[in-house]
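Q: Okay, handing you the structure first.
Only the coordinates and a few stated rules stand behind these numbers; no lab work does. All values derive from a computational prediction rather than experimental measurement. So basically every Cβ, Gly included, is an ideal-geometry build from the backbone, and we count neighbours across all protein chains shown.
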Amino acid sequence: MIEVKQLKKSFDALEVLKEVSFDIQAGEVVAVIGPSGSGKSTMLRSLIHLEEVTGGTIRILGQGLVEEGRYASGKDIRTLTDRMGMVFQHFNLFPHLTVRANLELAPKTLKKDTAAGIRKRSMELLDKVGLLDKADVYPANLSGGQKQRVAIARALMMQPDILLFDEPTSALDPELTGEVLRVIKQLAQENMTMIIVTHEMGFAREVADRVFFMDKGEIAEAGTPEQLFGNPQRERTRMFLQREK
Ligand code: ADP
Ligand code: MG
């Protein structure tokens, strides 16, 4: 699904990603953990072309988004990034649109389906995330947990092959994280391919097939949750996990 080789990203003199490489298979759930500033968001944003990398290769579904630092054409980039959906820490809903209009905007703009087809799908997805009764409400009248469930439903509208989550519960009060994590867990059970940047170690352990520990712009350690949490090989992984307890 995703192939990343020697990915490099600098902001001016600051090297944020240093030769990051990994592969992700269809249906895999990967949790990315690591200290603040280690490059987790930049890595995720690079996959969906919200950041331009400085070097390296990203292939999505076998096709090059960027090959050894050279980007595909604008049209090909869009075709590939359309296969992915992203959910952000701060929801990024459109405040002037109802919940349903938030879901329907992108598919309508891109003429993904008939109006009736898009309507059917938006109602199905709101039902899936438990918010059918909120279809005509504006985001300001939702709790953080509800907003994030809307954001997940919105990402699913485009029928992505891959979902990327950047700390989806970090902006939520602790009592609201469970409802969001449950939706993500359900997607995992449906074999959605996902990369989830998270500080929720318990959740990562439970839902991930593999965990990447990022530190200082590198994947310092990768393994199954059992390996990484139960028997970390590197001192810096141990130190991080100790602090997160
Ligand atoms: P994380 O998500 O792990 O906290 P980030 O990927 O957000 O880390 O940031 C990695 C590093 O890149 C940090 O030092 C951050 O300050 C820097 N950085 C991120 N975005 C930018 C930007 N647009 N311009 C300059 N520096 C940035
Ligand atoms: Mg981040």
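Q: Spot the failing condition for residue 78; the list is (1) of a type outside the set (Val, Ile, Thr); (2) buried (at least 16 other Cβ atoms within 10 Å of the Cβ); (3) within 18 Å of the chain's Cα centre (by Cα), and only one is missed.
A: (2)
Q: Do the conditions hold for residue 154, that is, is it within 15 Å of the chain's Cα centre (by Cα) and not aliphatic (A, V, I, L, M)?
A: Numbers: within 15 Å of the chain's Cα centre (by Cα): yes; not aliphatic (A, V, I, L, M): yes.
Yes: the conditions hold for residue 154.
Q: Which one of 73, 46 is within 16 Å of ligand 2 (Cβ to nearest atom), under 29 Å from residue 108 (Cβ atoms) and of a type in the set (S, T, N, Q)?
A: 46
Q: While we're on this one: Can you tell me which condition residue 45 does not meet? The list is (1) touching a strand residue (DSSP E or B) at 6+ places or on another chain (Cβ under 6 Å); (2) closer than 18 Å to residue 166 by Cα; (3) basic (Lys, Arg), and all the others hold.
A: Evaluating residue 45 over (1) touching a strand residue (DSSP E or B) at 6+ places or on another chain (Cβ under 6 Å); (2) closer than 18 Å to residue 166 by Cα; (3) basic (Lys, Arg) leaves (1) as the failure.
Q: Please verify whether segment 140-148 includes one or more residues that are within 21 Å of residue 197 (Cα to Cα) and either hydroxyl-bearing (Ser, Thr, Tyr) or in contact (Cβ under 8 Å) with a residue 60 or more places away in the chain (or both). Full working, then the answer.
A: Within segment 140-148, the subset within 21 Å of residue 197 (Cα to Cα) is 144-148.
Filter again for either hydroxyl-bearing (Ser, Thr, Tyr) or in contact (Cβ under 8 Å) with a residue 60 or more places away in the chain (or both), leaving 148.
Yes - at least one qualifying residue is present in segment 140-148.
Q: Return a yes/no flag: does segment 90-105 have any residue that is within 16 Å of ligand 1 (Cβ to nearest atom) and among the hydrophobic types (A, V, I, L, M, F, W, C). Don't jump to the end; show me each part of the working.
A: First pass over segment 90-105, keeping only residues within 16 Å of ligand 1 (Cβ to nearest atom): 90, 92.
Then drop every residue that is not among the hydrophobic types (A, V, I, L, M, F, W, C), which leaves none.
There is no residue in segment 90-105 that is within 16 Å of ligand 1 (Cβ to nearest atom) and among the hydrophobic types (A, V, I, L, M, F, W, C).
Q: Tally time: how many residues in segment 121-133 are in contact (Cβ under 8 Å) with a residue 12 or more places away in the chain and farther than 20 Å from residue 158 by Cβ? It would help to see each step written out before you state the result.
A: From segment 121-133, those in contact (Cβ under 8 Å) with a residue 12 or more places away in the chain are 121-123, 125-126, 128-131; that's our starting set.
Narrowing the set further to residues that are farther than 20 Å from residue 158 by Cβ leaves 130.
Total meeting the criteria: 1.
Q: Here's something else I'd like to know. What residue, among those in segment 19-34 that are of a type outside the set (Val, Ile, Thr) and surrounded by 16 or more Cβ atoms within 10 Å (Cβ to Cβ), is nearest to ligand 1 (Cβ to nearest atom)?
A: If we take residues in segment 19-34 being of a type outside the set (Val, Ile, Thr) and surrounded by 16 or more Cβ atoms within 10 Å (Cβ to Cβ), then 34 is nearest to ligand 1 (Cβ to nearest atom).
Q: Right, residue 106: surrounded by fewer than 20 Cβ atoms within 10 Å (Cβ to Cβ), over 20 Å from residue 145 (Cβ atoms) and free of Cβ contacts under 8 Å to residues at least 12 places away in the same chain or not?
A: It is false that residue 106 is surrounded by fewer than 20 Cβ atoms within 10 Å (Cβ to Cβ), over 20 Å from residue 145 (Cβ atoms) and free of Cβ contacts under 8 Å to residues at least 12 places away in the same chain.
Q: Would you point out the residue of segment 179-200, among those that are within 16 Å of ligand 1 (Cβ to nearest atom) and hydrophobic (A, V, I, L, M, F, W, C), that is nearest to residue 42 (Cα to Cα)?
A: 197
Q: Assigned to a helix (DSSP H, G or I), over 24 Å from the mean Cα position of the chain (by Cα) and basic (Lys, Arg): is that true of residue 108 in this structure?
A: Against the criterion (assigned to a helix (DSSP H, G or I), over 24 Å from the mean Cα position of the chain (by Cα) and basic (Lys, Arg)), residue 108 does not qualify.
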